[in-house]
1. Output the residues belonging to segment 2-21 that are at pLDDT 75 or above, in a loop (DSSP other than H, G, I, E, B) and either surrounded by 18 or more Cβ atoms within 10 Å (Cβ to Cβ) or of a type in the set (S, T, Y) (or both).
2. What residue, among those in segment 27-67 that are of a type in the set (V, I, T), under 26 Å from F82 (Cα atoms) and free of Cβ contacts under 8 Å to residues at least 40 places away in the same chain, is least open to solvent (accessible area, probe 1.4 Å)?
3. Just one of the numbered conditions (1) more than 19 Å from G26 (Cβ to Cβ); (2) open to solvent by less than 60 Å² (accessible area, probe 1.4 Å); (3) not in a loop (DSSP other than H, G, I, E, B); (4) not acidic (D, E) is not true of I102; which one?
4. Which residue, of A67, A17, is touching a Leu at 6+ places or on another chain (Cβ under 7 Å) and farther than 20 Å from F160 by Cβ?
5. Taking segment 74-90 as the search range and keeping residues that are touching a residue at least 12 places away in the same chain (Cβ under 8 Å) and outside any strand (DSSP E or B), which one is most open to solvent (accessible area, probe 1.4 Å)?
6. Return the pair list, or none, for Cβ contacts closer than 6 Å from residues in segment 127-141 that are in contact (Cβ under 8 Å) with a residue 12 or more places away in the chain to residues that are open to solvent by 50 Å² or more (accessible area, probe 1.4 Å), at least 6 apart or on different chains.
7. Assuming G161 fulfils every condition listed in (1) modelled with pLDDT under 85; (2) of a type in the set (G, A, S); (3) at negative phi apart from one, which condition is it?
8. Which of (1) assigned to a strand (DSSP E or B); (2) small (G, A, S); (3) over 17 Å from the mean Cα position of the chain (by Cα) is the odd one out, the single condition G110 does not satisfy?
Amino acid sequence: DGVGFEDDACGRDCLHADFANMYIGGGVLTGGCVQEEIRFSICPELIISCLMCTVMNLGEAVQILGAEQFSSYAGYGFSLRFAGPCIDKQKRAEDGSVLRGIFAIDAYDGRRRDFNIRVQMQDVMMLREITKAAAGFSLMDDSMKLYSVLATGNWGCGVFGG
């Protein structure tokens, strides 16, 4: 049971966080089936960002406004499945586009190295995370001021060893 943006009652009209791969979209086009890939699958307009943003560098984040959800889903990981069409109830602009704001900040990939809690809490690592968060939360324009609440979703951080 969701309390983040997966739950329509809780996530509507919030700014949504995408804890992303440095290559936005992650494995959405190659068989990935966790947080970021699910988000991109249910809001397929997000896939265009894979073409527009090649890789997020240190101090960079991606902000997207207007991704409509077309599909419902059930499960997670290898149990993920299509659960029917979705009628997106998010607020809309005068032109009819969905007013969903998403910001993507990539997680540090600690899978192939010693990434224990002491390493994660080093000044250089904490500065990286604070810089990423600041980039994600910085308003690119007034449209992001529509959101007073941030929804992160019910996602884990274990895939990258965090």
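1. C14, N21 - these are the residues of segment 2-21 that are at pLDDT 75 or above, in a loop (DSSP other than H, G, I, E, B) and either surrounded by 18 or more Cβ atoms within 10 Å (Cβ to Cβ) or of a type in the set (S, T, Y) (or both).
2. Taking segment 27-67 first, the residues of a type in the set (V, I, T) are 28, 30, 34, 38, 42, 47-48, 54-55, 62, 64.
Then drop every residue that is not under 26 Å from F82 (Cα atoms), which leaves 28, 30, 34, 38, 42, 47-48, 64.
Then drop every residue that is not free of Cβ contacts under 8 Å to residues at least 40 places away in the same chain, which leaves 28, 30, 47-48.
On the way: V28: 25, T30: 120, I47: 50, I48: 98 Å².
Applying the filter and picking the extreme gives V28.
3. For I102, the exception is condition (1).
4. Numbers: A17 fails: farther than 20 Å from F160 by Cβ.
None of the others qualify; the one that does is A67.
5. First, the residues of segment 74-90 that are touching a residue at least 12 places away in the same chain (Cβ under 8 Å): 76-78, 80, 83-86, 88-90.
Checking the rest, the ones that are also outside any strand (DSSP E or B) come to 76-78, 80, 86, 88-90.
Values: Y76: 101, G77: 12, F78: 204, L80: 57, C86: 33, D88: 17, K89: 130, Q90: 10 Å².
This residue is F78.
6. These pairs meet every condition: A135/E60.
7. (3)
8. With (1) assigned to a strand (DSSP E or B); (2) small (G, A, S); (3) over 17 Å from the mean Cα position of the chain (by Cα) applied to G110, the lone miss is (1).
The values are calculated or read from the model by the stated rules, or taken from the named source; none is laboratory data. These numbers were taken from a predicted model, which means no experiment stands behind them. Cβ coordinates were reconstructed from backbone atoms using ideal geometry, including for glycine residues, and neighbour counts include every protein chain displayed. Protein only, heavy atoms only, side chains kept; ligands, DNA and RNA dropped before computing areas. Shrake-Rupley method; radii C 1.70, N 1.55, O 1.52, S 1.80 Å.
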